[in-house]
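Trainee: Attaching a single structure in structure tokens format; questions to follow.
A short reminder: the numbers here are calculations on the coordinates, not readings from a lab. On a predicted model such as this, the values are computed, not experimentally measured, just so you know. Cβ coordinates were reconstructed from backbone atoms using ideal geometry, including for glycine residues, and neighbour counts include every protein chain displayed.
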Amino acid sequence: MRTILVLMDTLRKDYLSTYNSQTDVLTPNLDAFAKDSLTFDNHYIGSTPCMPARRDLMTGRLNFLERSWGPIEPFDITLPKVLAEQSIFSHLTTDHTHYFRLGGEGYINQFDSWDFQRGQEGDPWHSIIRDPEWMPEHYHGRLRKQYQANRELWKDDEEAYPTPRTFASACDWLEANKDEENFFLQVEVFDPHEPFDVPQKYMDIYQKDYTGPFFETPIYGEVDVPVDAEEYIRNRYSALVTMTDVHFGRLIDKLKAIDMYEDTLIIVTSDHGYFLGDRELFGKNYMHNFNELAAIPLFVKHSQGKKAGERTNELTQNIDVMPTVLDAFGIVVPEEVQGVSWQPIFEGKPRNKSFALYGAHGLTVNITDGKYTYFRAPNDENHPLFEYAGIPTTIRHYLGETEPASIETGRYLARTEYPVFKIPIKRAAILDGLPDVSEYTKDSLLFDLEKDPRQQYPIHDYKLEEQYKTYMKKQLAILEAPKEQLERLSLNS
């Protein structure tokens, strides 16, 4: 059995014609792939953003109930390691620089081999002390000096951009291993994540006449740019989606050329969405997990062609990837895995997943059954709140470093005897660097997805809210959430 996971960061489903017939974004290769695949209409994130989502994928468990952005823990049972125990080779090719920052430890080491394409976002790659060749004097949003330095190394050469190099790396790996029958390949590109840097030929498809200040990375928060700049940044995102699609198409062409396409299980998805002026907001992480962020694309091409061109309303999440891949190889799924294999969907059999729970550590906890979504806000103090970590790193710094005397240690996690740090948190780690944004998530909200799929009109139904509070409490228990989450969310009565 050959399996491939393709992960495109920050890919919004409503920009894809398979999900939104009104979109003007060109993605012919994803469109064609969808015709060979089962399209999932109720696929949701688990933990957000980047590294929490990847720990979900790699362990089949929700990260966000226990901790924020962080590494693979010593006690984690991971997909590549389980495969290795059964002599199944795994390889990762990626340009995702967070794997190599503080808070991203241990992920790449799970794979038998890996390849990293340098240069995305703030990757400290092009080492120059001088200012980059081009630093615009006037610009909207953020401007990274390091990224401006990195882009000197590819300028306008499309093939030298990180995403094309990553897909090319995957093609080279497949060519070198075209006679192999058993492997797991993860192909992961940072695009279409910001900065929305794209060759001009793709921008020409969507907008040629922008004359405003340089703009490719919004500042998270309320939209603070002119209308023409807001439209322009959406067009830059659209252009980057199209470029990503082009190089995804090259991967599919390579699989077909080496006669691997038909009988390989191929999963294509993302980690989360992004606000591009929707609800007058830019970015992610600080607001409610509306479907612009939480509902993500998923296409699965079965190795035997089952359900090709069909759609399903089954409720799924990325924690389901690990059990699905293990199921495909006929490997027993470890007991601690919380995800549920998609194989029964392809067989037309019942599948035991009625709810999806999702969110970011220290913010709201959210639940959906595909009919309603309920966002549960924390209490006014957002207390008590702890992070549980064997390795206390998070994005670019250490947990608890300002108040180390308050950290406890013990065997707090039910699934392991490994002692961990219990670190009190006053403010969610993912909000570091942002002003007070508590206003965006202060209220609990309930939406009827059938009547209001865009989640514009919260409903006020006491009995229904009590019902979803009960569902959430049950799911928190099933998912082994720390007990203080009930108190923080005012669910302990």
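Trainee: Please report the relative contact order for the stretch 357-488, taking Cα pairs under 8 Å with a sequence separation of at least 6, and give it as a percent rounded to a whole number.
Mentor: Values: 167 pairs, mean separation 40.1, N = 132.
Result for the stretch 357-488 is 30 percent.
Trainee: How charged is the neighbourhood of PHE116? Take every other residue with its Cβ under 11 Å from the Cβ of PHE116, and add Lys/Arg as +1 and Asp/Glu as -1.
Mentor: Values: positive: ARG118, ARG165; negative: ASP95, ASP115, ASP123, GLU188.
Cβ neighbours under 11 Å give a net charge of -2.
Trainee: What lysines sit close enough to LYS474 to cross-link, taking a C-alpha to C-alpha distance under 20 Å and skipping anything fewer than 8 places away on the same chain?
Mentor: LYS353, LYS371, LYS463, LYS483
Trainee: Sticking with this one: Cut-off is 10 Å between beta-carbons; in what order do ASP271, ASP131 appear when sorted fewest neighbours first? Walk me through the intermediate numbers first.
Mentor: Values: ASP271 26, ASP131 10.
Exposure proxy ranking, most exposed first: ASP131, ASP271.
Trainee: Now a separate question. Once you have a ≥ b ≥ c as the square roots of the Cα gyration tensor eigenvalues for the stretch 83-235, tell me rounded if a/c is under 1.5, and otherwise prolate or oblate according to whether a/b is larger than b/c. Please list the in-between numbers first.
Mentor: On the way: a/c = 2.23, a/b = 1.99, b/c = 1.12.
Prolate, since a/c reaches 1.5 and a/b exceeds b/c.
Trainee: As a check on your grasp of the helix formula, calculate [θ] at 222 nm for the chain: sum -39500 (n - 2.57) over DSSP H runs of n ≥ 4, divide by the residue count, round to the nearest 500.
Mentor: So the helix-based figure for the chain works out to -7500 deg cm²/dmol.
Trainee: Moving on to the next point. About its Cα centre, what dipole magnitude does the stretch 158-254 give when the only charges are +1 on Lys and Arg Cβ and -1 on Asp and Glu Cβ, stated in debye to the nearest 20?
Mentor: Details: 8 positive and 21 negative charges, 38 e Å.
Dipole size: approximately 180 debye.
Trainee: On a C-alpha basis, how far is the centre of the stretch 341-419 from the centre of the stretch 44-121 in Å? Whole number, if you could?
Mentor: If we compute the Cα centre of each part, the gap is 16 Å.
Trainee: Something else about it: Ranked by Cβ crowding within 10 angstrom, fewest neighbours first, how are GLU387, GLU336 ordered? Intermediate results must be reported in sequence, preceding the final value.
Mentor: Details: GLU387 25, GLU336 15.
Ordered from fewest to most neighbouring Cβ atoms within 10 Å, GLU387, GLU336 come out as GLU336, GLU387.
Trainee: Something else about it: Rounding to the nearest 20 debye, state how big the charge dipole of the stretch 357-488 is about its Cα centre with +1 on each Lys and Arg Cβ and -1 on each Asp and Glu Cβ. Walk me through the intermediate numbers first.
Mentor: Values: 17 positive and 21 negative charges, 69 e Å.
With Lys and Arg at +1 and Asp and Glu at -1, about 340 debye.
Trainee: Next question. Could you tell me which trypsin sites (Lys or Arg not before Pro) in the stretch 175-263 are loop residues by DSSP with no more than 11 other beta carbons within 10 angstrom of their beta carbon? Walk me through the intermediate numbers first.
Mentor: Values: sites: LYS178, LYS201, LYS208, ARG234, ARG236, ARG250, LYS254, LYS256; in loops: LYS178, LYS208.
For trypsin sites (Lys or Arg not before Pro) across the stretch 175-263 that sit outside H, G, I, E and B with at most 11 neighbouring Cβ atoms in 10 Å, the list reads LYS208.
Trainee: Taking the Cα centre of the stretch 391-458 as the origin, how large is its charge dipole in debye, to the nearest 20, when only Lys and Arg (+1) and Asp and Glu (-1) carry charge on their Cβ atoms?
Mentor: Roughly 200 debye for the stretch 391-458.
Trainee: Which of the peptides 413-421, 31-39, 192-200 is most tightly packed, and how do the rest follow, going by the mean number of other Cβ atoms within 10 Å of each residue? Don't skip to the end; give the middle numbers.
Mentor: Values: 413-421: 14.6, 31-39: 18.3, 192-200: 22.6.
The packing order, highest mean first, is 192-200, 31-39, 413-421.
Trainee: Would you mind calculating the relative contact order of the stretch 2-351 from Cα pairs under 8 angstrom and at least 6 residues apart, reporting the percent as a whole number?
Mentor: Numbers: 698 pairs, mean separation 109.4, N = 350.
31 percent.
Trainee: Got a sec? How would TYR274, TYR261 order by Cβ neighbour count within 10 Å, fewest to most? Walk me through the intermediate numbers first.
Mentor: Details: TYR274 24, TYR261 18.
In order of increasing Cβ crowding within 10 Å: TYR261, TYR274.
Trainee: A further question on this structure: For the pair GLU159/ASN379, report the inter-label distance in nm, with labels modelled 7 Å from Cα in the Cβ direction.
Mentor: The answer from the label model is 6.2 nm.
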